[in-house]
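Written below as structure tokens is the structure these notes are about.
The values are calculated or read from the model by the stated rules, or taken from the named source; none is laboratory data. What you see is a predicted model, and the numbers here were worked out from it, not measured in a lab. Here the Cβ positions follow ideal geometry from the backbone for every residue, glycine too, while neighbour counts run over all protein chains shown. Just so you know, the surface numbers come from the protein's heavy atoms only, side chains and all, with ligands and any DNA or RNA stripped out. Shrake-Rupley method; radii C 1.70, N 1.55, O 1.52, S 1.80 Å.
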Amino acid sequence: MPQLTDTDHADHTERAEHREGMDHREGMDRAGGTDRAGGTDGAADRAIPEGRSEVVTDTWMTPAEYGASRAALWSAACVLVTDPDGRVLVQTVDYRPDRLLPGGAVDAGEAPSAAAAREVYEELGIRDHYPHGLAVDWIPADAPGFEPEMRFPGEILHVFDGGTWNAERIAAIRLPAQEITGVHFAEPADLPGLMHPGDARRALSALRARIDGGGPVLLEDGWPTAPGALDRLGALRTRRAPQRGAWCAEPAPQALAVHDRAAWLFAPDGRVLVLIAHATGSARLPDLAPELVTSAPEPLGHLREEDGVRIRHVARLHALGPADDPAYARLLATPEQVRDLCDWGPGAADQLSAVHAARTRLGLPRSPRRPVTELAPEGFAW
């Protein structure tokens, strides 16, 4: 908005005459429907610090001039959808080589959420509404990928949460006769190879925001303006290691090879310890280490795979000493957030059920989803 300019001036009389002229001028402007900032019904007077006077530069604008001075941007909306394995729905189109999230331009006078619902219905044949936002991205006018004839002015793009689609809803997808030529679900780490770089950054940022559960994030060309721990650590930037065995609650047969022994270590607030590799952004549960817990770990069950088992324990976590492996960052997350960062397949639901049953036995609360917390390397105690 145009603003008045303060400068030093010693003549008090001149200041008074100037104010009288401003009052008269303001009355004329209000008669015409505008205030001195170019809007309507603006306040004329501002406090002047003692010992200072005010000289005003002519910054007046007509409504037409003010409107012409404002930035004009395109507006668009898209929807982030995942399948039960945490893969992201992307679609191929007949007008460009890279993949896109479902979505498109916001029509004149249309709300972004209405545009998101309309586009998904037009492109995939799924009728729904998407009230929850994940990200708002500002795309600069010099972003690559736009033909010069378009005179691209920049864009504000809204990313909405389409949720997790089950097999029934996925089977209900119906593509239009033209424009959308196919859809598939992609591993998050594969998005940069499938999408335009800015689109991939935006999709991954929105996915991390969904996992965090802290509300919509602000992006600039796909980059978060206030990166969270998952952004800083680059979570999901490499393919998740599949651990898709069936969950078994009983002890593992001794004849089978043991691939690993990991633990669900609960903090007093009901969250658990998870490790994220600095080099890859991959997440995993910590190894079973008795020095991390004050109560004896109890067996939880195991994942049964073709060539062996992965044994899981559960225990209370009351303190952490200094990090002994600089390759990993240590974070607190809900069990559901740990699942979202990993690839556990159909057995994930059964494992989570067993984890929450153990949490209840330990007398710990169920933590609501909130942004993950990175713990200091020097350790932490509750």
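Tabulated values for the structure
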read-out	value
Any hit, the stretch 109-125, residues being open to solvent by less than 20 Å² (accessible area, probe 1.4 Å), of a type in the set (Gly, Ala, Ser) and touching a strand residue (DSSP E or B) at 6+ places or on another chain (Cβ under 8 Å)	yes
Residue list for the stretch 212-235, filter: touching a residue at least 12 places away in the same chain (Cβ under 8 Å), among the hydrophobic types (A, V, I, L, M, F, W, C) and either closer than 18 Å to ASP137 by Cβ or open to solvent by 40 Å² or more (accessible area, probe 1.4 Å) (or both)	VAL217, LEU218, LEU219, TRP223, LEU230
Residues of the stretch 159-203 that turn out to be within 22 Å of the chain's Cα centre (by Cα), closer than 26 Å to SER113 by Cβ, free of Cβ contacts under 8 Å to residues at least 60 places away in the same chain and loosely packed, with under 15 Cβ neighbours inside 10 Å, as a count	0
Residue check for GLY270: touching a helix residue (DSSP H, G or I) at 6+ places or on another chain (Cβ under 7 Å), modelled with pLDDT of 90 or more and assigned to a strand (DSSP E or B)	no
Filter result (modelled with pLDDT of 95 or more and not basic (Lys, Arg)) within the stretch 350-362	ASP350, GLN351, LEU352, SER353, ALA354, VAL355, HIS356, ALA357, ALA358, THR360
Residue satisfying all of: in the stretch 144-157; touching a strand residue (DSSP E or B) at 6+ places or on another chain (Cβ under 8 Å) and under 21 Å from ALA200 (Cβ atoms); most open to solvent (accessible area, probe 1.4 Å) among these	ILE156
Every pair of residues 6+ apart whose Cβ atoms lie under 6 Å, when the first sits in the stretch 106-118 and is within 14 Å of HIS129 (Cβ to Cβ) while the second is part of a helix (DSSP H, G or I)	none
Those strands (runs of 3 or more DSSP E) lying entirely in the stretch 291-362 with at least 3 residues under 22 Å from ALA381 (Cβ atoms) and open to solvent by less than 10 Å² (accessible area, probe 1.4 Å)	328-333
